[in-house]
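Please read the structure below before turning to the comments.
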Amino acid sequence: MTNHELPKFDLPIDFVVTDEIPVALLQNYARFPCKIKACLFILCTRGEVRATVNLTHLTIRTGSFITLLPGSFIQVESISSDIHLYVVGFSSEFMARSNYLKLVVDDFHSILQHPALSLPPRITRLYEQAYRLLMRTAAIGRIENDREVLTPLLSLSLQTCLRLYHHYVPRWDGELTRDQEICREFVVLLLHHYAREHTVAFYASACGVTLPHFCSAIKRASGRTALSLINNFLIMNAKELLSTSRKPVKEIAFELGFVNPSHFNRFFREHTGMTPQTYRNS
């Protein structure tokens, strides 16, 4: 696989495994928030990246194992020149066909809250060897679109990922305050509904608590208001669509749940200081 085959947002084939990701390509993620449609498992073996993933600020360095589930947002803040990453990726189409949520449902919240794990050197070396073996296998077998091979490979990748989370991330049971539980549920709901549901009341009702209780819980748990988090997800998605598609602004507005395009224009300008078209042309 060549350097330019790693796409910005999704994979053109069902499966990719590579360690040929130049700094210049990663810097594309620093230009605007990116919505990752594929599922990516990333191992850092050298260098450092500072990034924001699903509103969580991360420092990715040697030994970091990163899991980006479909629908994750990422924006890179800085990249060291010596960065070296191994990436295993499955396309959004393949993930949709696999019904992967059944495999991760019990740990979905944990992965969203902890997209990066810090592995000890011995485990990092083992995973690096596994990535190299997979790269050699893929090069020999041409498995990138072989579903009979990829389906169990995805299952194995997810199960391996979950083992890491079970070992290195404290279990949620009995460790979260009620405020944190509500905030966790809110983030998961937001990832699924932000393009259709823009009101805090919807998420409060979905979480089964009163609106005042919900607002207070989110503020205490995250330090931010629920409305600011909703707006942030909308703006990130709007920027991604404006930067990476040729869809008319009106169509983007409808796609993000705005009935009136002029309302979307005002909303975008209020939060970015420019109109959607100005942002697209910048």
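Read-outs: derived from the displayed coordinates by stated rules, not from any lab. Keep in mind that what you see is a predicted model, and the values were worked out from it rather than measured. Positions of Cβ are generated from backbone atoms using ideal geometry, with glycine treated the same way; all protein chains shown enter the neighbour counts.
Rg/Rh for the range 3-168 to two decimals, with Rh computed the Kirkwood way over all alpha-carbon pairs.
My calculation puts Rg/Rh at 0.92.
Over the chain, what is the relative contact order in percent, taking alpha-carbon pairs closer than 8 angstrom and at least six residues apart? Working shown, then result.
Working: 404 pairs, mean separation 46.2, N = 282.
Normalised by residue count, the contact order of the chain is 16 percent.
What distance in nm separates the two pseudo spin-label positions at H271 and H57, each 7 Å out from Cα along the beta-carbon direction?
My value for the distance between the label points is 2.0 nm.
Write down the Å³ per residue value for the convex hull defined by the alpha carbon atoms of the chain. Write out the running numbers ahead of the final one.
Numbers: hull volume 38.7 nm³, N = 282.
Each residue corresponds to 137 Å³ of Cα convex hull volume.
Given a cut-off of 25 Å, name the pairs among K219/K247; K37/K250; K219/K250 whose C-alpha atoms lie farther apart than that in the structure shown. Working shown, then result.
On the way: K219/K247 35 Å; K37/K250 22 Å; K219/K250 33 Å.
The answer is K219/K247; K219/K250.
For each of F268, F214, count neighbouring Cβ atoms within 10 Å of the residue's Cβ, then give the residues from fewest to most.
Values: F268 26, F214 23.
Fewest-to-most ranking of F268, F214: F214, F268.
With each run of n ≥ 4 DSSP H residues scored as -39500 (n - 2.57), what mean residue ellipticity at 222 nm is computed for the chain after dividing by its residue count and rounding to the nearest 500 deg cm²/dmol? Don't jump to the answer; show the numbers that get you there.
Values: 13 runs with 144 residues, N = 282.
Here the helix-only value at 222 nm equals -15500 deg cm²/dmol.
What number results when the radius of gyration of the range 178-281, computed over Cα atoms, is divided by 2.2 N^0.38 Å? Walk me through the intermediate numbers first.
Details: Rg = 14.6 Å, N = 104, 2.2 N^0.38 = 12.8 Å.
In units of the 2.2 N^0.38 Å rule of thumb, it is 1.14.
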